[in-house]
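A.B. asks: Before I ask anything, here is the structure I am working with.
The values are calculated or read from the model by the stated rules, or taken from the named source; none is laboratory data. Because the structure is predicted, anything quoted here is derived from the model rather than measured. Here the Cβ positions follow ideal geometry from the backbone for every residue, glycine too, while neighbour counts run over all protein chains shown. When the accessible area is computed, the model is the full protein with side chains, heavy atoms only, and any ligands, DNA or RNA have been set aside. Shrake-Rupley method; radii C 1.70, N 1.55, O 1.52, S 1.80 Å.
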Amino acid sequence: MPDAPTIFADAMLDASLLHGVLRVRLGQVAGGGNTLVPAGQLVIPINEVPGLLTALGNVLAEAEARLRAS
């Protein structure tokens, strides 16, 4: 896969579903934690959302298990 932009996000600004496409606007906490600024947008065809959420859930479960083991 070619290099793709990296977006750091520690917040979700909002999400919308329109014409079969889920759009999630990502944000970053700035200003000492008092301000959210836009970081980018995640755009996913709705038919791909269940698989993506399952994969993310698996990664989070693995991370949680590693944290508990350490």
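A.B. asks: Suppose we filter ARG23, ARG66 for residues that are modelled with pLDDT of 95 or more, surrounded by 13 or more Cβ atoms within 10 Å (Cβ to Cβ) and of a type in the set (D, E, K, R); which single one remains?
C.D. replies: Values: ARG66 fails: surrounded by 13 or more Cβ atoms within 10 Å (Cβ to Cβ).
Of the residues listed, the single one that is modelled with pLDDT of 95 or more, surrounded by 13 or more Cβ atoms within 10 Å (Cβ to Cβ) and of a type in the set (D, E, K, R) is ARG23.
A.B. asks: Among what's in the stretch 1-17 and is surrounded by 10 or more Cβ atoms within 10 Å (Cβ to Cβ) and touching a residue at least 12 places away in the same chain (Cβ under 8 Å), pick the residue that is nearest to ILE46 (Cα to Cα).
C.D. replies: LEU17
A.B. asks: Which number in (1) open to solvent by 100 Å² or more (accessible area, probe 1.4 Å); (2) not in a strand (DSSP E or B) marks the one condition that GLY32 misses?
C.D. replies: (1)
A.B. asks: Exactly one condition in (1) on the phi < 0 side of the Ramachandran plot; (2) surrounded by 11 or more Cβ atoms within 10 Å (Cβ to Cβ); (3) outside any helix (DSSP H, G or I) is false for GLY40; which is it?
C.D. replies: (1)
A.B. asks: Could I ask something else about it? Only one residue in ALA15, ALA61 is at negative phi, at pLDDT 95 or above and assigned to a strand (DSSP E or B), so which one is that?
C.D. replies: On the way: ALA61 fails: assigned to a strand (DSSP E or B).
Of the residues listed, the single one that is at negative phi, at pLDDT 95 or above and assigned to a strand (DSSP E or B) is ALA15.
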